[in-house]
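K.L.:
Dropping the structure in here first, questions after.
The values are calculated or read from the model by the stated rules, or taken from the named source; none is laboratory data. Because the structure is predicted, anything quoted here is derived from the model rather than measured. With ideal geometry, Cβ positions are generated from the backbone for all residues, glycine too; neighbour counts draw on all protein chains shown. Accessible surface is based on the protein model in full, side chains and every heavy atom, while ligands, DNA and RNA are left aside. Shrake-Rupley method; radii C 1.70, N 1.55, O 1.52, S 1.80 Å.
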Amino acid sequence: MTSQIHKTLLSLPLLALPILLGSARPDAGPAQDPAWLPFRHSTLCARCHDNTDTARAMRDEQGKGIAPYDLWRSSMMANSARDPFWRAAVAREVENTPSAKKAIEAKCMRCHSPMANPAHGDRKHDLTMSLLSEVSDRATIALDGVSCTVCHTIREEGLGTESSYSGMFEVDRERRLFGPHATPFINPMRRFTGLTATESKHIVESRLCATCHTLETHALDPEGKPTGSVHQEQSPYREWRNSAFSTEVDKPGPLAASCQDCHVPTTSEAGKTLETRIAHNPMGRDFNMSGRSPFGRHIFVGGNSLMPSILRDNPSLHAKAPRAAFDATIAAVRDQLRHRTAVVKIGEPVWKDSRLRFSISIENLAGHKFPSAYPSRRAWLRIRVVDEDGKTCFESGNWNAEGFLTDDEGKVLASELAGGPIQEHHRTITRSDQVQIFEAIMKDDRGDNTWLLMRAAGYAKDNRILPKGWSPEHGEAKKTAPAGVGDDEDFVGGGDRIHVDLQIEGHRTPREIQVDLVYQSQGGRYLSEFMTAKNEQVRFYEEIWKASDRRPDLVGREKRLLDQER
């Protein structure tokens, strides 16, 4: 593996090498970068933090490679600046509010392409999306996404406060690289990168992640004038604070866990606590050093399996990882969704006088809302009742091959079409065109539904399932409160319960109830609205999106037989 990295370095344009090796060019970018800027390209970090055949470093108890670079390179963190959906979303916002182009692009790049942003230190650089298409030092490092030296050089000061949100973190001016371990072995890193390994526990605390994963947008009218409304585009950190998972309380409970505990786990796939050497020497052989613990697997998976597959299958996107790495990331995403996200249970059914009644309960296992973050995401219930011959008596929440919801005749629901109605939050399901979708639908200042962040003044509907322990009395409750759920007493912190009340026609007798909870990182209705844009980035994304597998991923499943003696 080390030889591959060396080949990568040698194949890069000569003008990129000064940044990779840590020196600053006087002509790099529109203005000279500050001399203290600590950003380095990930391939430089990989010289000691990838897996090689000649070293035992960075392996689990079974000898499987778990090097940070190897796991990170196929994550959305690594590919955040190459993400074609993000690029299309930025272009769509600019298309609809062209006078705010400069501000929109700068804000979006602050988190998706942070190493293009010396403004994290001096706040004077303008950032434009066109930078990502340049052939320059800054473009090379800008495309490296949320790389090693982004997270590991963020200073502790100000974290967890309003001033640090929306990507307003500060990087260290003393070229320190923060990690959780005491007495770090500093000489090799200092020699090869110019950075000094430094112990600081904030690197494993949720407030570090909060800097980019707490994002507020300010509503603009079509002319680009502020309306005064502030929208919570995503707030996993706020949701986590108001949950039983928070570690930022005097007495953390048994569920307490940081963002890193789930997304950079310190256990192997088999659940064993990891202890391993954290690096090898630049020639690919082991250092004479002991193993360290904790050691985090830098997998950074959430629920997004669609974009890793698009990055894998479209060479024109120039993603940085091999196919096998993307396959592993997709498998890890689906494993997390299936086993550590939510649980579905069917209540005791009642069948009487051709009427079937039962309830469905959903338990949220995540430390934040489910789904969480960017409002393209949704989860829903597929409810199916079959008779003794296996034929369908009722179905709600089915989908077609393109990932759009359909009725019991296979017709795409009106609520999936641009300009159509939205599915309300249902307390009771009685028809096949009623689907319980857990989602966030934005609204503008007039109260109309919108799918544009720059118009968003809040949520018309937000019935994403709350985390356990969520309280309306908490300081973060106002900014994370549900919307559009009415007085549903069954929608509470940790879960939801809905009721199903069906009239089964004819002489058919239901035999089994089947319920699936499924998830899409880009919901069909959101994409229907999204594709109404006319710019080239959206048209390009539509082309590769249509060629992808858009079917939802399974989160939870329950089946229940009816007692035929009732």
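K.L.:
In nm, to one decimal, how far is the residue 473 label point from the residue 269 one, both placed 7 Å along Cα→Cβ?
P.N.:
Once both label points are built, they end up 4.5 nm from each other.
K.L.:
Using modelled amide H (1.01 Å from N, peptide plane; none on Pro or chain starts), what sits under 5 Å from the amide H of residue 394, excluding residues fewer than 5 places away?
P.N.:
385
K.L.:
Also: Please work out the Kirkwood hydrodynamic radius for the range 238-325, using every pair of different C-alpha atoms, and report it in angstroms with one decimal place.
P.N.:
The answer is 16.4 Å.
K.L.:
Also: Taking the Cβ-Cβ separation of residue 507 and residue 428 as r and a Förster radius of 30 Å, what is the calculated FRET efficiency to the nearest 0.05? Walk me through the numbers on the way to the answer.
P.N.:
Details: r = 25 Å, r/R0 = 0.83.
Efficiency at R0 = 30 Å is approximately 0.75.
K.L.:
Also: What is the local net charge at residue 111, summed over the other residues whose Cβ is closer than 15 Å to its Cβ (Lys, Arg +1; Asp, Glu -1)?
P.N.:
-3
K.L.:
Sticking with this structure for a sec: Compute the length gained on full extension between residue 402 and residue 185: take 0.36 nm times their separation in residues and subtract their Cα-Cα distance, giving the result in nm to one decimal. The partial results should precede the final answer.
P.N.:
Details: separation 217, 0.36 × 217 = 78.12 nm, distance 5.18 nm.
Computed gain between residue 402 and residue 185 is 72.9 nm.
K.L.:
Note down the magnitude of the dipole of the range 377-464 about its Cα centre, charges +1 on Lys and Arg C-beta and -1 on Asp and Glu C-beta and zero elsewhere, to the nearest 20 debye.
P.N.:
440
K.L.:
Label points 7 Å out from Cα along the Cβ direction at residue 514 and residue 348: separation in nm?
P.N.:
Roughly 2.6 nm, to one decimal.
K.L.:
Highest first, please rank the peptides 331-340, 460-469, 258-267 by the mean number of other Cβ atoms sitting within 10 Å of their residues.
P.N.:
The densest-packed peptide leads the list: 460-469, 258-267, 331-340.
K.L.:
Run the paramagnetic zone check for residue 445: 7 angstrom along Cα to Cβ, then residues of the range 191-230 with backbone nitrogen under 20 Å.
P.N.:
216-230
K.L.:
Out of residues 5 or more away from residue 170 or on other chains, whose amide H comes under 5 Å of its own, with H placed 1.01 Å from N in the peptide plane?
P.N.:
Those qualifying (amide H under 5 Å, at least 5 residues apart or on another chain) are 155.
K.L.:
Okay, next question. For residue 539 and residue 338, compute 0.36 nm times the residue count separating them, minus their Cα-Cα distance, and round to one decimal in nm.
P.N.:
Length difference between fully extended and current span is 69.1 nm.
K.L.:
Pop the C-beta distance of residue 289 and residue 202 into the FRET formula with R0 = 22 Å and round what comes out to the nearest 0.05.
P.N.:
My answer for the efficiency is 0.40.
K.L.:
Provide the net charge surrounding residue 361, with neighbours chosen by a C-beta distance below 11 Å and charges set as Lys +1, Arg +1, Asp -1, Glu -1.
P.N.:
After counting each charged neighbour, the total is -2.
K.L.:
Sticking with this one: Tell me which cysteines of the chain come out unpaired when the rule is another cysteine's Cβ under 4.7 Å.
P.N.:
48, 108, 151, 262, 393
K.L.:
A further question on this structure: Evaluate the charge dipole of the chain about its Cα centre and quote only its size in Debye, nearest 20, assuming +1 on the Cβ of each Lys and Arg and -1 on the Cβ of each Asp and Glu. It would help to have the intermediate numbers written out before the result.
P.N.:
Working: 75 positive and 77 negative charges, 315 e Å.
It works out to roughly 1520 debye.
K.L.:
Among rounded, prolate and oblate, which fits the range 69-168 when a ≥ b ≥ c are the square roots of the eigenvalues of its C-alpha gyration tensor, a/c under 1.5 means rounded, and a/b larger than b/c means prolate?
P.N.:
Taking the square roots of the gyration eigenvalues as a ≥ b ≥ c, the range 69-168 is oblate.
K.L.:
List, largest first, the extents of the alpha carbons of the range 442-511 along their principal axes, each in whole Å.
P.N.:
Extents along the principal axes, in whole Å: 53, 30, 17.
K.L.:
Further question on the same structure: For the range 353-505, what class follows from the C-alpha gyration tensor (a ≥ b ≥ c being the square roots of its eigenvalues): rounded when a/c is under 1.5, otherwise prolate if a/b is larger than b/c, else oblate?
P.N.:
On the way: a/c = 2.24, a/b = 1.44, b/c = 1.56.
Oblate.
K.L.:
If each of residue 355 and residue 161 carries a label point 7 Å out from its Cα toward its Cβ, how far apart are those two points in nm?
P.N.:
Reported label-point gap for residue 355 and residue 161 is 6.0 nm.
K.L.:
Over the chain, what portion of Cα pair distances is larger than 33 Å, expressed as a whole percent?
P.N.:
On the way: 71613 of 159895 pairs.
Result for the distance tail: 45 percent.
K.L.:
When only DSSP loop residues count, what trypsin sites (Lys or Arg not before Pro) in the range 241-330 have their Cβ near at most 10 other Cβ atoms within 10 Å?
P.N.:
Numbers: sites: 241, 272, 277, 285, 292, 297, 312, 320, 323; in loops: 272, 277, 285, 297, 320.
Counting only loop positions with at most 10 other Cβ atoms within 10 Å, none of the trypsin sites (Lys or Arg not before Pro) in the range 241-330 qualifies.
K.L.:
What FRET efficiency do you get for residue 387 and residue 314 if R0 is 41 Å and r is their Cβ-Cβ distance, rounded to the nearest 0.05?
P.N.:
0.40
K.L.:
I've got another one for you. Which pairs, out of 201/251; 64/468; 107/534, put more than 25 Å between their alpha-carbon atoms?
P.N.:
Those over the limit are 64/468.
K.L.:
So, one more: Run the accessible area of the chain with a 1.4 Å probe and give the carbon-and-sulfur part as a rounded percent. Display every interim value, and only then the final one.
P.N.:
Working: 12490 of 24910 Å².
The computed percentage sits at 50.
K.L.:
Using the Kyte-Doolittle scale, find the helices of the chain whose mean hydropathy is at least -0.5 and whose Cα atoms extend 20 Å or more along the helix's long axis, counting only whole DSSP H runs.
P.N.:
323-339
K.L.:
Counting heavy atoms of the protein chains only and a 1.4 Å probe, report the per residue accessible area for the range 315-358 as a whole number of Å².
P.N.:
55
K.L.:
Can I ask one more? What does the C-alpha gyration tensor say about the overall shape of the range 125-222? Classify as rounded when a/c is under 1.5, otherwise prolate if a/b is larger than b/c, or oblate.
P.N.:
Since a/c reaches 1.5 but b/c is at least a/b, the shape of the range 125-222 is classed as oblate.
K.L.:
Of 282, 449, 336, which is farthest along the charge dipole of the chain in the positive direction, counting Lys and Arg as +1 and Asp and Glu as -1 at C-beta?
P.N.:
Checked the options; the winner is 282.
K.L.:
Using a cut-off of 13 Å between alpha-carbon atoms, which aspartates and glutamates can reach residue 411, once sequence neighbours fewer than 8 places away in the same chain are excluded?
P.N.:
Excluding near neighbours in sequence, the set is 395, 402, 433.
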